[in-house]
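In what follows, a single structure is set out as structure tokens and then discussed.
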Amino acid sequence: MKYMDLIVKPSLKSFYKKRYISGTISWYHHPQFHDNIYLTIEWLLRRIRSDGFSSEFSIGPGVSRTFLAGTTYEVNDNGTVSIDHKAGYYYAMITAGGGFGYDFSMKKKIPVLMYTRFNMITMFPYNSTIYFRPVLELGIKYSPRKAKALVKKT
């Protein structure tokens, strides 16, 4: 049996690591069913390579408020029927997502990051169960401050 020596040369790669706690307000429209406005507080981890490519992960809790589509009527204890203009429900929620983007400040010194992120939102209790909804987020972030570069051996 012949043995080979495996030589691994460490290389240096520079990248930025950013951690944020951010708040978001989002909205979606489900035709003929409801509109949903939700507020989340997210913990965001972003890694930006020296060539500008970025990847990120986020997770956080939130609260959701739906507004039912169409006219909703309510009947009180006296049998009086009235229109409920605020028909809808509150839900607790958790959101988690990941995405990628490009930071133009790395090469072109423009303090803009364009990104896309896929999120999964979970609302509960939703009709006595847990409700999952995928969300695609597209965005532009403006940040005039530069982050400090970290060097990692791989």
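Nothing in this text is a laboratory measurement; each read-out follows from the coordinates by a stated rule. Nothing here was measured: the structure is a model prediction, and the numbers come from that model. Cβ sites come from the backbone with ideal geometry, for glycine too, and all protein chains shown count toward neighbours.
Starting with the highest mean, order 70-79, 28-37, 116-125 by the number of other Cβ atoms within 10 Å, averaged over the residues of each peptide.
Descending mean neighbour count gives 116-125, 28-37, 70-79.
Rank the residues SER128, SER64 as a footprinting-exposure proxy: fewest other Cβ atoms within 10 Å of their Cβ go first.
SER128, SER64
In terms of modelled amide H atoms, which long-range or inter-chain residues lie less than 5 Å from the amide H of TYR126?
For TYR126, the qualifying residues are TYR131.
Starting at the first residue of the stretch 87-98, write each ³J(HN,Hα) from the Karplus equation 6.51 cos²θ - 1.76 cosθ + 1.60 with θ = phi - 60°, in whole Hz, x for Gly and Pro.
Along the stretch 87-98, the couplings run 4, x, 9, 9, 9, 7, 8, 10, 10, 9, x, x Hz.
Treating the stretch 12-148 as a set of equal point scatterers at the Cα positions, no solvent, please give the Debye-formula log₁₀ I(q)/I(0) at q = 0.18, 0.20, 0.22 Å⁻¹.
Values returned for q = 0.18, 0.20, 0.22 Å⁻¹ are -1.01, -1.14, -1.28.
Can you spot the aspartates and glutamates whose alpha carbon is less than 12 Å from LYS107's alpha carbon? Ignore those fewer than 8 places along the same chain.
Straight-distance partners of LYS107: ASP51.
Could you work out how much longer the chain between HIS85 and ILE37 gets when fully extended? Use 0.36 nm per residue separation minus the Cα distance between them, nm to one decimal.
15.7 nm
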